[in-house]
Amino acid sequence: MTEPASMEKIVSLCKRRGFIFQSSEIYGGLNGFWDYGPLGAELKRNLRDTWWKTMTREREDVVGLDASIIMHPNIWKASGHVETFADQMVDCKTCKGRFRADHISSIPCPQRPSKTVASCAEEKTEPRPFNLMFKTHTGPLESDDNIAYLRPETAQAIFAQYKNVLDSSRQKLPFGICQIGKAFRNEITPRNYTFRSREFEQMELEFFIKPDEVIAQTQGSVAQWHEGADLSQPQPNWGWEMWHRYWVDQRTRYYQSIGLGPDVLDYYWQKPEELAHYARACVDILFKFPFGTEELEGIAARGSFDLDQHSKFVGKPQDYFDEEIKQRYIPHVIEPSAGLDRLALAVICAAFHEEESTDDKGKKEIKTILRLHPKIAPYKCGIFPLLKNKPELVEQAQNIYRRLKKQFTCFYDESGSIGKRYARQDEIGTPFCVTVDFETIEGIKEGPQAGLLGTVTLRHRDSTQQERVKIEELDQRILPALS
Ligand code: GAP
């Protein structure tokens, strides 16, 4: 490792290799919007799949939802977004720029970039609220009667469909509904690359639990969080504090499973005065980005706020009938809410490494290696013939490529030296490379390496170690690393 990853290098790699492009770049771009290229699309898909697998497929108590982006506007009145989903904004009276009030001491002044907006001498307005929801209209008329909003979070769709899901899937408390989907916020100052965007994807779970009073009634006591509590086995008498800690623990395990360990994560327990009006507690899981340690996911204990609000607005209790005690009540909620785009950026930052090496002619060069966890790497295996002008090598390499790509993503490459081809795969995080050489098709007749017929070189990205593996054993060698 030569030096810590810088955002400049990461942004350059992402563009050069096709992870992330500026949206509408040929028209000069659009601030706060990003497109994912071929490698970014694969990376995001892998992240989505790992989240979905852990949050619902591997569990018996969580089901999925895929709701529409535009919903009835009253949902956003009930949730409080129409009234309060706002950031404080200031205007510069000279340059007419608009800035988020809590960012002005770190944003450069557009006219004098050596100063920040706060330190530039021009007069600014008093802070005033700016609602972050994007507005649109449904139907052919644009009037106040048909205003709709692009959802600023996926969570509210889960609350709005909670009754339907409950009735159709026969879940019993505690149970959860999870969703992955686009969310939109008209951020005043989008920044730090994809970190704060205006269009982004969320991965959210609303986990419905019994209120503590009901647990006390049915179990006789409520277990609250205490140091050293075993979080691995949920218990019937767990109160909200235990469930909250349980989900912090589960989400930490998830991040570890995709290569984000304690060295790159941190936690922030919000102080009571910092909590959103609906939250009883909230923990932010933070990632150490090159531009600072920032939120990756928030895990909030939301009480019954949302279901109470929707009950009030629709005039029908969004409750649950508890068979055990023959009573109806409104469940409470624990909400782990993560951003997919922030996660994609975090795994790229964590994986980014540089190494000094010497090329074939003895010249020193810096190589980039993206040490992505094999599970989330866009390509799992690069496949190369040693020489492209030897049809027998090319044919065998293509056969291997066609066979392996049915099981996982592979990249076939026959141009340049083998060293260059390895370097190209290292730079995009491909964990394995396979090279077909003369031994593969001719074998070695004598000596200690005799009998290599039908074998290839399998090269490992992180150790750079190479080994001879039988062609028919390649899948078994690679597949375990991907699950
Ligand atoms: N339902 C709760 C909720 O939406 P949030 O903290 O506002 O909570 C949850 O958002 C997650 O969504 C954040 O932790 C972050 O990962 C992601 N997120 C929020 N705003 C974002 C933005 N402007 N750009 C990218 N990701 C964002």
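The lysines whose alpha-carbon is closer than 18 Å to the alpha-carbon of residue 44, local same-chain residues fewer than 8 away aside, are 15, 53, 182, 375, 380.
Distance between the C-alpha centres of region 328-345 and region 44-59: 14 Å, rounded to the whole angstrom.
Scoring 150-163, 332-345, 31-44 by mean Cβ neighbours within 10 Å over their residues and listing the highest first yields 332-345, 150-163, 31-44.
Treating the chain as a set of equal point scatterers at the Cα positions, no solvent, please give the Debye-formula log₁₀ I(q)/I(0) at q = 0.06, 0.08, 0.12 Å⁻¹. Computed log10 I(q)/I(0) values: -0.36, -0.62, -1.15.
Exposure check, 1.4 Å probe, all protein chains in place: residue 263 carries approximately 120 Å² of accessible surface.
What angle, in degrees between 0 and 90 and rounded to the nearest 10, separates the Cα long axis of helix 7-16 from the longest principal axis of the Cα atoms of the chain? On a 0 to 90 degree scale, this one is about 60. Across the options 372, 111, 318, the greatest Cα extent toward the positive end of the charge dipole of the chain (unit charges at beta carbon of Lys, Arg, Asp, Glu) belongs to 111. Computed from Cα atoms, the angle from the helix 418-428 axis to the main principal axis of the chain rounds to 0 degrees.
Quick one: with all protein chains in place, what share of the accessible area of the chain is carbon or sulfur, to the nearest percent (1.4 Å probe)? Summing carbon and sulfur atoms, their accessible area is 49 percent of the total for the chain. If the Kirkwood radius is taken over C-alpha pairs of region 379-482, then at 37 °C and 0.692 mPa s the Stokes-Einstein diffusion coefficient equals 241 µm²/s.
Region 342-387: percent of C-alpha pairs farther apart than 14 Å? Write out the running numbers ahead of the final one.
Values: 662 of 1035 pairs.
Value for region 342-387 (Cα pairs over 14 Å): 64 percent.
When both region 191-244 and region 404-431 are represented by their alpha-carbon centers, they are found 42 Å apart. Estimated at the nearest 10 Å², the accessible area of residue 231 is 20 Å² with a 1.4 Å probe.
In the chain, helical runs assigned H by DSSP with n ≥ 4 each contribute -39500 (n - 2.57); averaged across all residues and rounded to the nearest 500, the mean residue ellipticity at 222 nm is -8000 deg cm²/dmol. Across region 86-91, rounded Karplus estimates of 3J(HN,Hα) from the backbone phi angles (6.51 cos²θ - 1.76 cosθ + 1.60, θ = phi - 60°) give 9, 10, 7, 10, 10, 10 Hz, Gly and Pro being marked x.
Look at the alpha carbon pairs under 8 Å that are at least 6 residues apart: their mean separation over the length of the chain gives a relative contact order of 12 percent. Straight Cα distances below 25 angstrom link residue 115 to the lysines 9, 93, 96, 124, with same-chain residues fewer than 8 positions distant left out. Centroid-to-centroid, using Cα positions, region 135-176 and region 5-37 are 32 Å apart. In this structure region 1-49 gives 57 Å² per residue of accessible area when probed at 1.4 Å with all protein chains present. Counting only DSSP beta bridges with both residues in region 379-482, the antiparallel share comes to about 55 percent. Note that region 22-85 shows a convex hull volume over its alpha carbon atoms of 154 Å³ per residue. With contacts taken as Cα pairs under 8 Å at a separation of at least 6 residues, region 40-183 carries a relative contact order of 29 percent.
A viscosity of 0.890 mPa s and a temperature of 25 °C, combined with the Kirkwood radius over C-alpha pairs in the Stokes-Einstein formula, give region 210-292 a diffusion coefficient of 168 µm²/s.
Seen against the Cα atoms of the chain and their longest principal axis, helix 38-52 is set at about 60 degrees.
For region 379-482, the solvent-accessible area works out to 49 Å² per residue, with a probe of 1.4 Å and every protein chain left in place.
The values are calculated or read from the model by the stated rules, or taken from the named source; none is laboratory data. In this text, all values refer to a predicted model and were calculated from it rather than measured experimentally. All Cβ positions, even for glycine, are placed from backbone atoms using ideal geometry, and neighbour counts span all protein chains on display. Heavy atoms of the whole protein, side chains included, go into the accessibility calculation; ligands, DNA and RNA do not. Shrake-Rupley method; radii C 1.70, N 1.55, O 1.52, S 1.80 Å.
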